[in-house]
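Some notes on the structure that comes next.
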Amino acid sequence: MAGILEELAKRDCDAYVIYDSSENEDMRYLSRFLTTDPYIYVYKKDGGQFLIVSSMEELRARRESPCSIVTRNAAGFAEFLKETQDVDAAYAEMIKNFCGDKLLIPYSMPVGFARALEKTARISIDRDTVLSMRAKKTAEEIEMIRAVQKKNERGVSLAVDAVRKADVAEDGGLIFEDAPLTSEKLRAIMHEAFFRMGLDDKDTIASCGADTALPHAKGEGQLFANQPIVLDVFPRDIETGYFADMTRTISKGKPSDEICRMYEVVHEAKELAASLIKAGVSGADVHNAAADYFTKAGYVTAGTSGFIHSLGHGVGLAIHESPSLSLRGGVLEEGNVVTIEPGLYYPGVGGVRLEDMGAVTEDGFDRFTTFEEELIVV
């Protein structure tokens, strides 16, 4: 927690305070306590870590969190509520009494709560101290993410198998188990598998044909043979909170020559990027190397066509977090977990994206992704 201590000293603050539920990734990371109701995390300048929770959560918080646990009543909340007759004002007085009157709070703090604190204490806003801490994973975190990716691949394999086993109707539509094979069906196949494995997934992409030229189009309706199908799948482990992320582009039968060539070049760009990643290299340099490779291969980016997004991003308790492999990407550090996901998109032709994930090491890229990489499935 050296980062928080340094920031407290720099800002001359008594404590770092978060008020949120564990849906806030910073809160989950610091407290390791899961609840949908908001509670308070405190890191004091003497190094003490505390959770202030309701009495009904006290025993569970003691079991789950490494922090010291204090109930709201023990911290004086009931007395302050009698005095102020306002819940946020009572919380603010309780926090000042418990922490001191110089507080460091995160940028994500609800504005109403921040204003209540501001009436009783001097507050300073912190944007990314905890985000920076989260970016450098421990060995345990890396293994958690690797484990989610293994489960991710098992789920995606079922979707690919469905495409592989599908029959082709006269109009080119795919038929699976005597029904049209749709984007919705592929998502359901993966969702059901993930549920059984203790994962949840949201906004999974299973797009086909023209929709593949739109990077984040989820896809809808029937899938067709000889057209690109983009599967971008990023489930989260319900127990640990960590995400995986992987993209594959497949086709039932041979797609157009343009798509085949795009696939080859996207694969080559991904492997080039993987060869460059190691601690000390900037994310911007890796992104630019991939972009330059596309340009030299004749794939010009303009407007909504070409390589139109960042090469990759960090993955952890959030699906998109630091560091970034982009035009503004900073220096990569050992322990970063990042994706490499080059793509090419051309309206009227379609799109191709491939994505692997792994950890940055001193010597290179420890790739977690082992899933097959074949465009044509038969």
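The values are calculated or read from the model by the stated rules, or taken from the named source; none is laboratory data. All of these numbers come straight from a predicted model, not from anything done at the bench. No Cβ is skipped: glycine too gets one built from the backbone with ideal geometry, and neighbour counts run over all protein chains shown. These area figures cover heavy atoms from the full protein model, side chains too; ligands, DNA and RNA do not enter into them. Shrake-Rupley method; radii C 1.70, N 1.55, O 1.52, S 1.80 Å.
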With springs connecting C-alpha atoms under 10 Å apart, model the chain as a Gaussian network and identify which of 56, 133, 94 has the largest mean-square fluctuation. 56
Tell me, in nm to one decimal, what length is gained between residue 238 and residue 361 on full extension, where the rule is 0.36 nm per residue of separation less the Cα-Cα distance? 41.6 nm
Distance between modelled label sites at residue 271 and residue 296, nm, 7 Å Cα→Cβ extension: 1.5 nm
Using the Kirkwood radius over Cα pairs, work out the Stokes-Einstein diffusion coefficient for the chain at 25 °C and 0.890 mPa s, in µm²/s as a whole number. 108 µm²/s
Give a quick list of GluC sites (Glu not before Pro) in the range 126-181 that DSSP marks as loop, anything other than H, G, I, E or B, with at most 14 other Cβ atoms within 10 Å. 170, 177
Measure out, as a whole number of angstrom, how far apart the alpha-carbon centroids of the range 242-258 and the range 336-369 sit. 12 Å
Using a 1.4 angstrom probe on the protein heavy atoms only, could you order 259, 123 from most to least accessible area? 123, 259
Counting only other residues whose beta carbon sits under 9 Å from that of residue 355, what net charge do I get with K and R as +1, D and E as -1? -1
Mean separation of Cα pairs under 8 Å and 6+ residues apart, divided by the residue count of the range 199-322: what relative contact order is that in percent? 20 percent
May I ask you to give the percent of accessible area on the range 88-183 that is carbon plus sulfur, with a probe radius of 1.4 Å? 49 percent
Could you give the accessible area per residue of the range 1-133, probe 1.4 Å, as a whole number in Å²? 50 Å²
Need one word for the range 160-277: rounded, prolate or oblate. Basis is the Cα gyration tensor (sqrt eigenvalues a ≥ b ≥ c); a/c below 1.5 gives rounded, then a/b vs b/c decides. oblate
What FRET efficiency comes out for residue 171 versus residue 282 if R0 is 45 angstrom and r is the Cβ-Cβ distance? Round to the nearest 0.05. 0.35
What number, rounded to the nearest 500 deg cm²/dmol, is the helix-based mean residue ellipticity at 222 nm of the chain, given -39500 (n - 2.57) per DSSP H run of at least four residues and division by all its residues? -11000 deg cm²/dmol
Based only on the alpha carbon positions, what is the Kirkwood hydrodynamic radius of the range 228-378, in angstrom? 15.6 Å
Could you check how much of the accessible area of the range 1-57 is carbon and sulfur, as a whole percent, using a 1.4 Å probe? 47 percent
Rotationally averaged projected area of the range 324-378 (alpha carbon convex hull; nm²): 5.5 nm²
If you build a Gaussian network model of the chain, linking Cα atoms that sit under 10 Å apart, which residue out of 11, 196, 248 swings the most? 196
Out of the total accessible area of the range 217-264 (probe 1.4 Å, heavy atoms of protein only), what percent is carbon and sulfur? 48 percent
A 27 angstrom limit on the alpha carbon distance is what I want to check against. Which of 254/278; 185/296; 165/296; 45/202; 136/296; 218/252 exceed it? 254/278; 185/296; 165/296; 45/202; 136/296
Just to be sure I understand: if I project the alpha-carbon convex hull of the range 128-228 onto a plane and average over all orientations, what area do I get in nm²? 8.3 nm²
Counting only DSSP loop positions in the range 233-322, the GluC sites (Glu not before Pro) whose Cβ has at most 15 other Cβ atoms within 10 Å are 239
Using Cα pairs closer than 8 Å and at least 6 residues apart in sequence, work out the relative contact order for the chain, in percent. 14 percent
Whole-Hz couplings from phi, Karplus 6.51/-1.76/1.60, listed for the range 269-282; x for Gly and Pro: 5, 5, 5, 4, 4, 4, 6, 8, 6, 6, 4, x, 8, 7
Report the label-to-label distance for residue 107 and residue 179 in nanometres (one decimal), using points 7 Å from each Cα along the Cα→Cβ vector. 4.4 nm
Counting only protein heavy atoms and rolling a 1.4 Å probe, one gets per residue an accessible area for the range 236-279 in Å² of 36 Å²
May I ask you to compute the full-extension gain from residue 60 to residue 10, defined as 0.36 nm times their residue separation minus their alpha-carbon distance, rounded to one decimal in nm? 14.6 nm
Cβ-derived FRET efficiency at R0 25 Å, residue 210 paired with residue 327, nearest 0.05: 0.35
Of 212, 295, 182, which has the largest mean-square fluctuation in a 10 Å C-alpha GNM of the chain? 295
So what are the ³J(HN,Hα) numbers for the range 194-205, from phi and the Karplus equation (6.51, -1.76, 1.60; θ = phi - 60°), rounded to whole Hz, Gly and Pro as x? 5, 4, 5, 8, x, 10, 10, 9, 8, 6, 4, 9
